[in-house]
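Notes follow once the structure below has been shown.
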Amino acid sequence: MMTLYSGTTCPFSQRCRNVLYEKGMDFQIVDVDLHNKPEDLAVMNPYNQVPVLVERDLMLYESNIINEYIDDRFPHPQLMPADPVMRARARLFLFRFEHEMFTHVETIEKGNQRLADKARTSIRDNLAQIAPVFTKQKYMLGDEFSMLDVAIVPLLWRLDYYDVQLPKQAAPLMKYAERLFSRPAFIDSLTASEKVMRK
């Protein structure tokens, strides 16, 4: 059985929990207190961070790598595109999400006021840029829910919590976010600490 070491407020861990629930498979979640990490975490992940997935003698870290592995192991429902070209595009999107949005999460959580405000602006501008896509399609890659939706939803869930104010023209993005929030697997994947992040 797969075991996921997951931070109760960690957006990256939330991605992995979300995928496990979407797949509806057998797994175990070990909640990790991020302020008091267990000693064996540093053994499993040299960066001493969650999430970490353990299956028999395999140990994986980095949420996107973990999620692709789960998707390959349990192909139904498939979350990465089957077509190599679309798959490469999806990976590029995931890469961009990390660099243009998720890199700012730590700054908002731990940085000083000035840097945190700059990070909020950056997230806001990047999200506003992709908002028009959702006037024409239901999900990030079209009509099918995919790994891209899994990757971005923890950030959308935390917008109020991170105090990121989106402009009015981002309304289609918020409609899309509500679609993601209403998925049963997403609701099941929320920890008690995450549930209170949204008013």
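The values are calculated or read from the model by the stated rules, or taken from the named source; none is laboratory data. Since the structure is predicted, the reported quantities are computational estimates derived from the model, not experimental observations. Cβ sites come from the backbone with ideal geometry, for glycine too, and all protein chains shown count toward neighbours.
Of the residues making up segment 4-41, just one is of a type in the set (S, T, N, Q), surrounded by fewer than 16 Cβ atoms within 10 Å (Cβ to Cβ) and closer than 22 Å to residue 68 by Cβ, namely 28.
Out of 127, 173, 156, report the one residue that is within 28 Å of residue 28 (Cα to Cα), part of a helix (DSSP H, G or I) and touching a residue at least 24 places away in the same chain (Cβ under 8 Å). Explain how you work it out, then say what you get.
Numbers: 127 fails: within 28 Å of residue 28 (Cα to Cα); 173 fails: within 28 Å of residue 28 (Cα to Cα).
Testing whether each residue is within 28 Å of residue 28 (Cα to Cα), part of a helix (DSSP H, G or I) and touching a residue at least 24 places away in the same chain (Cβ under 8 Å) leaves just 156.
Each residue in segment 70-94 was checked for being of a type in the set (Gly, Ala, Ser) and in a loop (DSSP other than H, G, I, E, B), and 1 pass.
Condition check: at negative phi, exposed (fewer than 11 other Cβ atoms within 10 Å of the Cβ), β-branched (Val, Ile, Thr) and not in a strand (DSSP E or B). Does residue 50 satisfy that? In short, no. The set of residues from segment 176-193 being crowded, with 17+ Cβ neighbours inside 10 Å, within 25 Å of residue 30 (Cβ to Cβ) and out of contact with any Phe, Trp or Tyr (no Cβ under 7 Å at 6 or more places or on another chain) comprises 183, 186, 190, 191.
With respect to residue 154, is the statement that it is exposed (fewer than 12 other Cβ atoms within 10 Å of the Cβ) and either in the same structural domain as residue 7 (by TED's automatic domain parsing) or of a type outside the set (Val, Ile, Thr) (or both) true? Spell out how you get there, then give the answer.
Numbers: exposed (fewer than 12 other Cβ atoms within 10 Å of the Cβ): no; either in the same structural domain as residue 7 (by TED's automatic domain parsing) or of a type outside the set (Val, Ile, Thr) (or both): yes.
In short, no.
Please work out if residue 98 is at pLDDT below 95, in the same structural domain as residue 153 (by TED's automatic domain parsing) and in a helix (DSSP H, G or I). Considered against the rule, which asks whether it is at pLDDT below 95, in the same structural domain as residue 153 (by TED's automatic domain parsing) and in a helix (DSSP H, G or I), residue 98 comes out as no. Evaluation of residue 43 against the conditions (1) more than 19 Å from the chain's Cα centre (by Cα); (2) hydrophobic (A, V, I, L, M, F, W, C); (3) within 22 Å of residue 24 (Cα to Cα) shows that the sole unmet condition is (3).
Go through segment 101-117 and give me each residue that's surrounded by 14 or more Cβ atoms within 10 Å (Cβ to Cβ), of a type outside the set (Asp, Glu) and assigned to a helix (DSSP H, G or I). Walk me through it before giving the result.
Going through segment 101-117, the residues surrounded by 14 or more Cβ atoms within 10 Å (Cβ to Cβ) turn out to be 101-102, 104-105, 107-109, 111, 116-117.
Those left that are additionally of a type outside the set (Asp, Glu): 101-102, 104-105, 107-108, 111, 116.
Within segment 101-117, 101, 102, 104, 105, 107, 108, 116 qualify.
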